[in-house]
Structure formats: structure tokens, C-alpha cells
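Below is one structure, written out as C-alpha cells, with a few remarks after it.
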């Protein structure tokens, strides 16, 4: 069996697994989405009715960072699917919580990438609204609090205080909808235009 790399898995994932999702209204698909102010990045994030992350572990990768990644992803993502080379499946199955999905990746003799679902992703029961709120930029968090009727003095609060206030005033579903709305309105994303 040929060894897979991150780039070819990502391209095939977009083409074969995410193309229908991408065309759905009110859906955003982002590569390398930073979480918890860039403490980590999820390889691909799909933001629609929930925030679903896809983490790729190719045949060239190790799983050394996976436990720490899983801990952070468990705080920030409503769903998570690990997209893994066949050689990682057994270990990933032991490491990943039951709510995580697992997709096995195989590369054929002519270089074609195929996917097979080992376990479907379910809703994360431990999502942390405070960590989820970190996906909002400071001005977005401030605007959202004003919409929630929080005093204008919120503008003097630190980012952490803004996220805490959002977590206290909004549920996960409301926060997800707001994050999707603000991301769709962004004109630029890091160093490139949004929605290219």
C-alpha cells in the first residue's frame, strides 16, 4: 500500500467528501482554522449548523501530538473527524473519544485516494462555550454582546472577559450561528481574501 501525504489527502477530502457540503447555503469550509487564538489549527473546518473539524493524519505523520490536539479540539469543536492513514486506525481508535468520527484513508496502486468511514462523528458532549467563542474576533464578540443587550461598557473589557460574557449569555447553538454569520461577513482572512 502506497504512503499518503497531507496534501493529497486534503485535496481528495475536499473533492470527494466535502464538495456537496461546500455547495450548501450558509456553509463555510476553511483550511487551517486557528483555535484558541492559534494554540492549534484544525486541518479543515466545516461551519454550518455546527462546527465540524477534520484532522488529517497521513501515512507520513506520527500521532505524538494527537492527545494534546484531542484535548483542545474537545473544548472548541462540536464535532471532530480524524482522517487517518490505515496504519494509524488502531491507535486512533484507542485515543479518540467515542464522539469522534474516524475515516480511513487508503492510496491505491495508481495513486487514487479512497475513504471509508470507520466511525461516524457525533455531537461533542463536552463543548466549552468559552473556548468556542474564541473563534470570534474581538470586534465581532463586542458587537454580539451589544446585540445581546450587554452594556456598552463591554468595549473596555478584555478579550477573555468578552468571551466569558458570551458564554454566559448564549448557548452553543446561538454561538455557532453567530460565528458562521460573522465569518461569512469577513472581507479578509489572515493574509488573504475571505471565501476565495
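The values are calculated or read from the model by the stated rules, or taken from the named source; none is laboratory data. This is a predicted model, so every value here is computed, not measured. Please note: Cβ atoms are built from the backbone with ideal geometry, for glycine as well, and neighbour counts cover all protein chains shown.
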Could you tell me whether residue 49 is surrounded by 12 or more Cβ atoms within 10 Å (Cβ to Cβ), assigned to a loop (DSSP other than H, G, I, E, B) and modelled with pLDDT under 90?
yes
Specify the residue that is nearest to residue 159 (Cα to Cα); the eligible residues are those in segment 52-71 that are in a strand (DSSP E or B) and touching a residue at least 40 places away in the same chain (Cβ under 8 Å).
52
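Under the condition of being in contact (Cβ under 8 Å) with a residue 24 or more places away in the chain and in contact with a strand residue (DSSP E or B) (Cβ under 8 Å, 6 or more places away or on another chain), which residue from segment 115-129 is surrounded by the most Cβ atoms within 10 Å (Cβ to Cβ)?
This residue is 124.
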Among the residues of segment 72-100 satisfying the criterion of being under 13 Å from the mean Cα position of the chain (by Cα) and assigned to a helix (DSSP H, G or I), which is surrounded by the fewest Cβ atoms within 10 Å (Cβ to Cβ)?
72
Inter-residue pairs, beta-carbon under 7 Å, first touching a residue at least 60 places away in the same chain (Cβ under 8 Å) and on the phi > 0 side of the Ramachandran plot and in segment 21-49, second crowded, with 19+ Cβ neighbours inside 10 Å and assigned to a strand (DSSP E or B), 6+ apart:
none
Kindly indicate whether residue 14 is surrounded by fewer than 18 Cβ atoms within 10 Å (Cβ to Cβ), touching a helix residue (DSSP H, G or I) at 6+ places or on another chain (Cβ under 9 Å) and not in a helix (DSSP H, G or I).
no
